[in-house]
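Colleague: Handing you this structure, nothing more for now.
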Amino acid sequence: QVQLVESGGGLVQAGGSLRLSCAASGSIFSFNTMGWFRQAPGKQRELVATITSSGSTNYADSVNGRFTISRGNAKNTVYLQMNSLKPEDTAVYYCNLVQIGYGIYWGQGTQVTVSS
């Protein structure tokens, strides 16, 4: 079994910064992709950023240049540094782990609220 636990959400003013963390435990394999998705009220869940086990990253256009995804030394943690936050970044942010051939896993989500 795999568990993902997020932390770091909260309330911040527009222009501020937050850092989200996600720790994965259980049967974690060397080759995987971790990422962050978000879902705002009334909207579909959307990709924010992903990072492979080799360090390749991918960002949504809406966050490119403002957000940075990274992995910890233990490779089972992923971070999302969010700078220059905007009210439209308000959403529940979900950590995601994809292990091809084994499964797709989600965290419970952490709320990020950006006030104008």
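The values are calculated or read from the model by the stated rules, or taken from the named source; none is laboratory data. Treat the numbers as computed from the prediction; the structure is a model and nothing was measured. A quick note on method: Cβ atoms are made from the backbone with ideal geometry, for glycine too, and the neighbour counts reach across all protein chains shown. Heads up: the accessible areas ignore ligands, DNA and RNA and are worked out on the full protein's heavy atoms, side chains in. Shrake-Rupley method; radii C 1.70, N 1.55, O 1.52, S 1.80 Å.
Colleague: Would you kindly identify the strands (runs of 3 or more DSSP E) lying entirely within region 1-108 that contain at least 3 residues that are open to solvent by less than 80 Å² (accessible area, probe 1.4 Å) and aliphatic (A, V, I, L, M)?
Modeller: Because the criterion is at least 3 residues that are open to solvent by less than 80 Å² (accessible area, probe 1.4 Å) and aliphatic (A, V, I, L, M), the strands (runs of 3 or more DSSP E) in region 1-108 that meet it are 18-26, 46-52, 77-82, 91-99.
Colleague: Another one. Name the pairs whose Cβ atoms lie under 7 Å apart, with the first residue in region 1-22 and over 16 Å from VAL63 (Cα atoms) and of a type in the set (Gly, Ala, Ser), the second open to solvent by 20 Å² or more (accessible area, probe 1.4 Å) and not in a strand (DSSP E or B), and 6 or more positions between them or separate chains?
Modeller: Close Cβ pairs (under 7 Å, with a partner that is open to solvent by 20 Å² or more (accessible area, probe 1.4 Å) and not in a strand (DSSP E or B)) amount to SER21/GLY8.
Colleague: Which pairs do you get when a residue that is at positive phi, found in region 59-79, comes within reach of a residue that is not in a strand (DSSP E or B), reach meaning Cβ atoms under 7 angstrom, with the pair 6+ apart or on two chains?
Modeller: LYS75/SER53
Colleague: Still on this model: Please find, within region 15-58, the residue that is nearest to VAL78 (Cα to Cα) out of those that are within 14 Å of the chain's Cα centre (by Cα) and among the charged types (D, E, K, R).
Modeller: Selected residue: ARG19.
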